[in-house]
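Trainee: What follows is a single structure, and I will ask about it in a moment.
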Amino acid sequence: MAGEILRGENLVKRFGGLVAVNEVSFEVKKGEIFGIIGPNGAGKTTLFNMISGVYKPDEGRIIYEGRDITNLKPHERARLGIARTHQVVKPFPGLTVLENIAVGALFGPRYGKISEDEALEIAREVASFVGLGDKIELPAAALNVQEKKRLELARALAAEPRLLLLDEVLAGLTPAEIDSMLGLLKKVRDEKGVTIMMVEHVMHAVMNIAERIMVLHFGRKIAEGPPEEIANNPDVIAVYLGDPSLALKFVKRRGGAS
Amino acid sequence: MRMLKRPGFIASIVLILIYLVIGIAGQEGHLLSIIGNAMDTMMYIGWALALAVIMSYAGYVSFGHAVFVGIGAWMTAVTIESIMPSHPFTISMFIVALLLGAGVAALVAYAVGWVVLRLRGAYFAIATIGLDYVVLYLAIYTLSRAGISPPLLFRNLSLTVQSFYWMHFTVFVITLLVVYYIKASRFGFGLAAIREDEEAAEVMGVDTFKYKLMAFTLSALIAGMWGVPLAFRHAKFDPQDVFSLLNSVIMIVENTVGGLGTFLGPIVGAYIYYGLYWSLLTKIAQASFVVLGPLIVIIIALVPEGLVGWLREKFPRLRKALE
Amino acid sequence: MVVTAAELARGFIEGLLYGSLLGAISVGLTLIWGVMKVVNLAHGHLIVLAAMFTANFYVLYKVALLNPMGAIITMGILGVVMGALLYYTSVHPIIGHVDVITLKHEMATLMATFGFGLTLFGLHYALAAWTSWYSTEPGISWSFGHPPYVMIGSTITIVKTKILVGIISFVIAFALFALVRLTNLGLMIQAVTQDSRALALVGIDPVRIKLLTTIISVAFAMSTGPLYLAWAGSVTPLKESIIAPLAFVIVVAGGLGSIMGSYVAGLILGLTYELVVATTQEVSIALVVTFLILLLILALKPTGLFGYLDDRLASALRRRRGVAE
């Protein structure tokens with residue numbers, strides 16, 4: 001059994017009277033692709049924000065590579081090898097694609113160990129790895145949505161992270177683009193050995209790629225396990241039945257699987 | 001190092017050489033008129049680059065940046081009148097004033113930065129204006145307690161125009177090299193990330209608060225240095241004059257006109273400002289704002305990225321050259 | 001130096017009157033900043049413009065409409081024109097058709113209004129340099145009533161002009177509050193604060209509301225110019241550097257967008273200022289204290305102190321009106 005890289009223990013986050021994440025515990029193993037799904041407002045992005053340090057949990061602990069990182073600032077976590085992308089893409093619009101990626105390389109776990117020139121060199125390689133090799137001199141603002149998502153991924157990868165948090169990288173992409181992005185993610189895990197946690201709305205995609213899936217509903221964890229198990233879990237189906245369109249997707253998925 | 005082969009560095013060296021030649025030629029005496037203009041342009045470039053570190057690179061518009069120039073001038077007064085009260089002018093007097101002016105300005109920025117750099121946008125701008133006024137009225141109060149009604153006129157140091165020139169030149173060289181290094185280094189990358197999206201920068205590993213604090217402190221240090229040759233040249237410390245918001249205005253205009261986020265932008269902006277200022281100079285200097293004001297409004301509406309930024313966008317091939 | 005009780009009492013009364021003026025000067029700024037996130041750096045210049053025009057034209061023509069009290073209306077009307085000008089030059093190009101205003105828009109309108117203000121500042125000097133009838137230091141003197149002051153007890157004298165200015169200032173501030181919080185137009189303005197898309201959905205053009213907000217803000221600002229002139233007795237373009245920073249301190253302290261909050265913050269600031277002056281006899285230290293208060297509020301509670309006042313007062317007034325009907 002592979003070792004664990006990240007563990008959340010009884011995480012709670014409240015916003016005023018709303019409990020966005022309620023006593024959620026989980027474990028992510030080194031080198032796996034771990035999916036998190038759930039209806040809108042389930043607390044998925046809040047959970048990510050706690051892992052990357054944007055929010056401090058009200059209760060509970062986060063253990064990364066055996067170390068308690070609950071009280072570290074976001075930039076300190078980034079230097080330990082945690083990288084993320086955002087649901088609403090946040091490239092640096094005025095900087096070029098190359099500069100965007102170089103920032104990732106300079107300030108990640110290699111902070112202080114590489115020069116600006118080396119960072120630009122790494123940025124060039126990563127850009128072609130994600131398929132942006134011919135756009136490196138363009139300002140990020142000039143890219144389309146799909147390219148911006150790739151840029152965010154490249155920026156995260158340039159840091160050489162050990163844990164990569166992907167917040168809805170597939171949302172808004174066409175089916176063809178989703179396939180190519182999934183191929184890229186598999187490549188990232190297989191070639192670079194990066195552990196991936198992904199929050200997704202696109203159910204079918206995450207079912208295909210993730211080894212294990214955790215389901216959140218109103219801030220609570222209601223199920224966890226391999227995709228087949230999740231697809232047949234009565235609690236999960238009940239939750240998604242509350243949302244007819246999602247339920248339909250689920251039924252289709254089950255029909256396809258059996 | 002690649003950094004030394006880049007256009008920004010080459011431009012800095014060329015500028016330094018040009019002003020060196022003007023300074024040497026000016027020793028002859030018949031070029032004195034040029035010397036005055038050269039000093040002015042060095043100062044305006046220096047002011048622009050000082051503010052650029054926090055405004056143009058990090059994206060925090062400090063509206064009270066004159067406060068640091070004022071502190072530099074104040075510390076010069078302290079050096080001449082209190083620390084070395086009966087000395088004739090020596091290089092060491094200039095150096096003491098420079099260290100004190102830059103040091104106190106940096107210290108104030110560091111202390112105040114802990115508070116004001118937690119604010120964003122307009123709140124930060126307003127806070128810096130507040131700082132400017134606090135120090136201005138503190139200076140007036142201090143002078144009045146000493147029985148002086150401003151301005152404080154310095155004792156006669158028998159300085160020549162040439163010595164003023166070399167003071168400006170010294171600070172000019174330091175400014176260009178330090179600011180270029182800031183822009184081209186990892187620190188500059190981090191500041192650019194903060195300017196573009198502070199939250200994303202933090203998540204990517206940029207220690208945003210420390211970087212902002214360093215940028216604000218360095219920016220103040222450079223502005224503080226510029227208060228020193230200014231005070232020597234005018235042989236007085238006039239709080240209402242050096243702390244004037246109009247000085248902050250000039251720095252902001254230079255950066256806006258030239259273009260944010262570039263090294264050359266503020267320099268180009270400084271020349272444009274100085275050119276306009278002189279060509280518009282009527283009987284009363286303030287009247288030139290009738291032209292400068294609309295210019296800012298038009299630039300913000302039509303070319304918010306400034307002249308250098310606009311050129312970079314229009315001619316992508318120039319991007320590398322217009323660093 | 002011993003401070004007498006009479007001096008303190010006089011400081012207290014003048015502080016309240018001065019504070020009332022400062023509050024009125026600031027309410028227009030809090031409206032445009034709170035509703036549209038436009039940090040109007042031309043605000044102080046617009047007030048000074050009104051004061052300068054009043055002084056210059058009154059000296060020239062002695063027109064009754066331009067005596068300091070009549071000028072409140074005249075300059076308010078001029079403010080409608082200036083507000084439209086400000087909107088179409090410095091605000092509309094940046095946020096006219098923007099629904100959600102970001103930090104970048106905020107900084108852009110900040111710079112643009114700054115350029116607008118600088119133009120007004122230069123205008124005085126240009127007019128003075130190029131014409132013979134305009135002065136940057138217009139000489140003017142008014143006094144009201146005979147005698148021009150009121151005696152309280154046997155030692156405290158208060159100038160009648162200052163009392164008048166204090167009262168009119170309150171009327172102006174309250175009028176803006178009533179306009180924004182108790183009318184239908186005010187409701188629409190409030191809606192722009194939330195999200196201008198909502199307005200478009202019910203068929204109201206958000207651009208028109210933004211234009212109106214700017215005009216109202218500037219008109220109320222300019223109507224306080226003559227009041228400042230009456231209080232201070234003289235004006236120069238440089239006075240902007242006193243008015244504007246004070247207005248910013250007050251708006252921040254009062255809580256962004258809160259009109260009565262700004263008014264109360266103005267009262268407190270005026271009171272502090274006059275009491276420090278009365279005890280130390282030093283104007284400079286009073287200003288140091290004033291701006292230290294700003295930094296302190298920004299450090300501890302940047303959302304301001306009295307943001308809740310508008311809501312409470314508006315609902316209290318509405319309830320009373322409901323009972324009367």
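Trainee: Within 11 Å of another protein chain (Cβ to nearest Cβ), open to solvent by less than 40 Å² (accessible area, probe 1.4 Å) and in a loop (DSSP other than H, G, I, E, B): is that true of A:PRO161 in this structure?
Mentor: Criteria met by A:PRO161.
Trainee: Before we move on, is C:TYR134 assigned to a loop (DSSP other than H, G, I, E, B) and either closer than 23 Å to B:ALA125 by Cβ or open to solvent by less than 30 Å² (accessible area, probe 1.4 Å) (or both)?
Mentor: yes
Trainee: Oh, and also: Can you tell which of C:TYR273, C:TYR228 is at pLDDT 90 or above, hydroxyl-bearing (Ser, Thr, Tyr) and closer than 25 Å to C:HIS124 by Cβ?
Mentor: It is C:TYR228.
Trainee: In addition: Are there helices (runs of 4 or more DSSP H) fully within region B:119-201 with at least 1 residues that are hydrophobic (A, V, I, L, M, F, W, C) and over 30 Å from A:GLY108 (Cα atoms)? List them.
Mentor: Once the helices (runs of 4 or more DSSP H) in region B:119-201 are filtered for at least 1 residues that are hydrophobic (A, V, I, L, M, F, W, C) and over 30 Å from A:GLY108 (Cα atoms), what remains is B:121-145, B:161-184.
Trainee: Still on this model: Of everything in region C:231-264, what is within 14 Å of chain B (Cβ to nearest Cβ), of a type in the set (A, V, I, L, M, F, W, C) and over 28 Å from C:HIS124 (Cα atoms)? Give them in sequence order.
Mentor: Scanning region C:231-264 gives C:VAL252, C:ALA253, C:LEU256.
Trainee: Quick one: in region C:93-102, which of the residues that are closer than 25 Å to B:LEU292 by Cα and surrounded by 14 or more Cβ atoms within 10 Å (Cβ to Cβ) is farthest from the other protein chains (Cβ to nearest Cβ)?
Mentor: C:ILE95
Trainee: Another question about this same structure. Could you tell me whether any residue of region B:98-113 is assigned to a helix (DSSP H, G or I), of a type outside the set (Phe, Trp, Tyr) and within 26 Å of C:LYS37 (Cα to Cα)?
Mentor: So far as region B:98-113 goes, yes, one or more of its residues are assigned to a helix (DSSP H, G or I), of a type outside the set (Phe, Trp, Tyr) and within 26 Å of C:LYS37 (Cα to Cα).
Trainee: Consider only pairs whose beta carbons are under 7 Å apart and that are at least six residues apart or on different chains; among these, list those whose first residue lies in region A:81-108 and is more than 7 Å from chain B (Cβ to nearest Cβ) and at pLDDT below 90 and whose second residue is open to solvent by 10 Å² or more (accessible area, probe 1.4 Å) and not in a helix (DSSP H, G or I).
Mentor: Note: pairs meeting the criteria are A:GLN87/A:GLU168.
Trainee: Run down A:ALA171, A:ALA154, A:ALA119, A:ALA105 and say which single residue is open to solvent by less than 40 Å² (accessible area, probe 1.4 Å), among the small types (Gly, Ala, Ser) and not in a helix (DSSP H, G or I).
Mentor: That would be A:ALA171, the only listed residue that is open to solvent by less than 40 Å² (accessible area, probe 1.4 Å), among the small types (Gly, Ala, Ser) and not in a helix (DSSP H, G or I).
Trainee: Hey, any hits in region B:50-65 for a residue that's more than 30 Å from B:GLU199 (Cβ to Cβ), touching a residue at least 12 places away in the same chain (Cβ under 8 Å) and buried (at least 21 other Cβ atoms within 10 Å of the Cβ)?
Mentor: For region B:50-65, residues more than 30 Å from B:GLU199 (Cβ to Cβ), touching a residue at least 12 places away in the same chain (Cβ under 8 Å) and buried (at least 21 other Cβ atoms within 10 Å of the Cβ): absent.
Trainee: Where in region B:250-315 are the helices (runs of 4 or more DSSP H), entirely inside, with at least 2 residues that are within 11 Å of another protein chain (Cβ to nearest Cβ)?
Mentor: B:289-302, B:306-314
Trainee: Conditions: (1) part of a helix (DSSP H, G or I); (2) modelled with pLDDT of 65 or more. A:VAL251 meets all but one. Number of the miss?
Mentor: Result: A:VAL251 fails condition (2) only.
Trainee: Still on this structure: Select from region B:110-130 the residues that are of a type outside the set (Ser, Thr, Tyr), more than 22 Å from C:THR109 (Cα to Cα) and open to solvent by 10 Å² or more (accessible area, probe 1.4 Å) and write down the one among them that is nearest to the other protein chains (Cβ to nearest Cβ).
Mentor: Filtering first and then ranking leaves B:VAL115.
Trainee: Answer yes or no: is there a residue in region C:245-260 that is open to solvent by 40 Å² or more (accessible area, probe 1.4 Å), closer than 23 Å to C:HIS45 by Cα and at pLDDT below 90.
Mentor: yes
Trainee: For region A:47-100, which residues satisfy the criterion of being in a strand (DSSP E or B) and in contact with a Pro (Cβ under 7 Å, 6 or more places away or on another chain)?
Mentor: A:ILE82, A:ALA83, A:THR96
Trainee: Among the residues of region A:188-219, write down those that are at pLDDT below 90, part of a helix (DSSP H, G or I) and charged (D, E, K, R).
Mentor: Within region A:188-219, A:GLU191, A:LYS192 qualify.
Trainee: In the set A:ARG67, A:ARG77, A:ARG61, which member is open to solvent by 50 Å² or more (accessible area, probe 1.4 Å), assigned by TED's automatic domain parsing to the domain that holds A:ALA171, in contact with a strand residue (DSSP E or B) (Cβ under 9 Å, 6 or more places away or on another chain) and within 25 Å of A:VAL28 (Cα to Cα)?
Mentor: A:ARG61
Trainee: What number goes with the only condition from (1) farther than 26 Å from C:LYS239 by Cβ; (2) open to solvent by less than 40 Å² (accessible area, probe 1.4 Å) that C:ILE172 does not pass?
Mentor: (1)
Trainee: So how many residues does region B:285-312 have that are over 23 Å from the mean Cα position of the chain (by Cα) and surrounded by fewer than 15 Cβ atoms within 10 Å (Cβ to Cβ)?
Mentor: Total satisfying the criteria: 2.
The values are calculated or read from the model by the stated rules, or taken from the named source; none is laboratory data. Everything quoted here is computed from the prediction, not taken from an experiment. With ideal geometry, Cβ positions are generated from the backbone for all residues, glycine too; neighbour counts draw on all protein chains shown. Note: accessible area is taken over every heavy atom of the protein model, side chains too, but ligands, DNA and RNA are not part of it. Shrake-Rupley method; radii C 1.70, N 1.55, O 1.52, S 1.80 Å.
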